[in-house]
Amino acid sequence: MDIDIGRGLGEARRLAGEHWQALLAYAVLGVVLPYLLLSSEPIFSLRNLMAIAADPWTYRVGGSIAGPLYLLGIVTVIVMGAMLAAWNALLAEMREGYISEIMYGMVAGFAYLLAYVLLYFVVGLVVVVPVVLAMGAAEWLMNPVVAAIRQLVFSLFGTWLLARFCLVGPIMAARGSLEPFSPYAESWRRTASKQWWLFGFFLLYNVAFGIAFGALGALHFYVITTNAPGGLVETLMSIGWVLLFGIYFAAQLLIPAGLYRASEPGTTAAEVFA
């Protein structure tokens, strides 16, 4: 079983053209709604975070930490549910409508999220803890050079895991499955032959979006330091964040969906583009 990345990107473009209305609807659910929910919590304001970092003894945000954590949990479930619902809309043989897709997405998204957390917990126990014990916890935590190397290694390892498990969501949604564990095994098998090409692709993908988010963050920092709160420019920055997150959300959906289509066994080019 082989994956042609170029063919996968072509499939992603085709899916975007065919299902742009569903993508737009689920971008509202998975990007705009979470952004509005998080905006209602003062601790998630970039201006407030900068003020707290600058003078933590003067600028404080009242309330319990449980509220923001609870809100983050709700937002995470909404985002994952929107992604599974969107993949179901893109890849199912026959669509059953938005209500059915959203109901499926919220249940499947929660299952997907639990499996994801469990996977990285196990990876942490198997990979991270032995390294910490071998190097010594004090040096591991305090040495800046070690910390930089550690972060680089973990980023590369995380990108490789992303490449190997990029098909999990599409596999679940295409079949309407609520069980997330066998799709992990299937994604591992499907990506085996092109794992290093996929690793390189997702590494460049992450770097590109990292630069985009970093540039927008730097611009927002400049806007905050040179403008009064609540002005037009700051409102435009909020719109810019929503648009960038929307592009990222679409890419997170379309690229794995296209790669899934390209990895389907027994399909010819004529069948794919029919």
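Here, each number is a calculation from the coordinates, and none is a lab measurement. In this text the structure is predicted, and so the values were computed from the model without any measurement. Note that each Cβ is placed from the backbone with ideal geometry, even for glycine, and that neighbours are counted across all protein chains shown.
Here are the numbers:
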item: Proxy reagent accessibility, fewest Cβ within 10 Å first, across 83, 94, 172, 237; result: 94, 237, 83, 172
item: Burial order of peptide ranges 206-212, 106-112 (average beta-carbon count within 10 Å, highest first); result: 106-112, 206-212
item: Residues 150, 164 arranged by fewest to most Cβ contacts within 10 Å; result: 150, 164
item: Full-stretch length increase - residue 186, residue 236 - with 0.36 nm per residue and alpha-carbon distance subtracted; result: 13.7 nm
item: Cut-off under 5 Å, modelled amide H: who pairs with residue 193 long-range; result: none
item: Rounded FRET efficiency, nearest 0.05, which uses the C-beta distance separating residue 228 from residue 9 and R0 of 41 Å; result: 0.40
item: Förster-model FRET efficiency, 22 Å R0, residue 211 and residue 32, C-beta, rounded to 0.05; result: 0.40
